[in-house]
1. For segment 31-82, with every protein chain kept in place, what is the accessible area per residue (1.4 Å probe, Å²)?
2. Between beta-carbons, use under 14 Å as the cut-off and find the net charge around S108, counting Lys and Arg +1, Asp and Glu -1.
3. Using 7 Å Cα-to-Cβ label points, what is the Q116/R86 separation (nm, one decimal)?
4. Could you tell me what % of all Cα pairs in segment 22-88 have separations over 20 Å?
5. Would you mind counting up the charge near T52? Only other residues with Cβ under 13 Å from its Cβ, with Lys and Arg at +1 and Asp and Glu at -1.
6. Roughly how big is the chain's charge dipole about its Cα centre, with Cβ charges of +1 (Lys, Arg) and -1 (Asp, Glu), in debye to the nearest 20?
7. Show the residues, 5+ positions off or on another chain, whose built amide H is closer than 5 Å to the amide H of R86.
8. HN-Hα J couplings of segment 67-80 from phi, Karplus 6.51/-1.76/1.60, θ = phi - 60°, integer Hz, Gly and Pro as x?
Amino acid sequence: QVQLVESGGGLVQAGGSLMLSCVCSGSIGRVNNMAWHRQVPGKQRELVAVVTRGGITNYADSVKGRFTISRDNAINAVDLQMNRLRPEDTAVYFCYADVEMVDSGIYSPIWGQGTQVTVSS
């Protein structure tokens, strides 16, 4: 079974830092884009940051200069380093990966279970 396993998250004061980590496991081939999204109750899930297999990154305007996404292709992992956190960053953060399934050769979107990040003021 292909899955994304997330770790990190928790409670931090405004101005603090947290790191989220995510590893893809299972019978997979290549992993293309990997990303972090976030969602607050009553709102749509939004893209926070994305990194291509080649290392090209893109960020939501609200996190530029504060968050850094990185990946390790050898272990199909992606991290999100979050600095200078703000109360408005409070959300459930979801890992995402575009994964090649070994049995079919088809790329499928895979989501993690989500991890809570709470920033207190």
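The values are calculated or read from the model by the stated rules, or taken from the named source; none is laboratory data. The structure displayed is predicted, hence computed values, not measured ones. With ideal geometry, Cβ positions are generated from the backbone for all residues, glycine too; neighbour counts draw on all protein chains shown. Remember, those area values only see protein heavy atoms, side chains included, never the ligands or the DNA or RNA. Shrake-Rupley method; radii C 1.70, N 1.55, O 1.52, S 1.80 Å.
1. 51 Å²
2. Result for the neighbourhood of S108: -2.
3. 2.3 nm
4. For segment 22-88, the share of Cα pairs beyond 20 Å comes to 32 percent.
5. Cβ neighbours under 13 Å give a net charge of +2.
6. For the chain, the charge dipole is close to 300 debye.
7. For R86, whose amide H was placed from the backbone, the distant partners under 5 Å are G15.
8. My calculation for segment 67-80 gives 10, 9, 9, 8, 9, 10, 5, 5, 10, 6, 10, 9, 10, 10 Hz in order.
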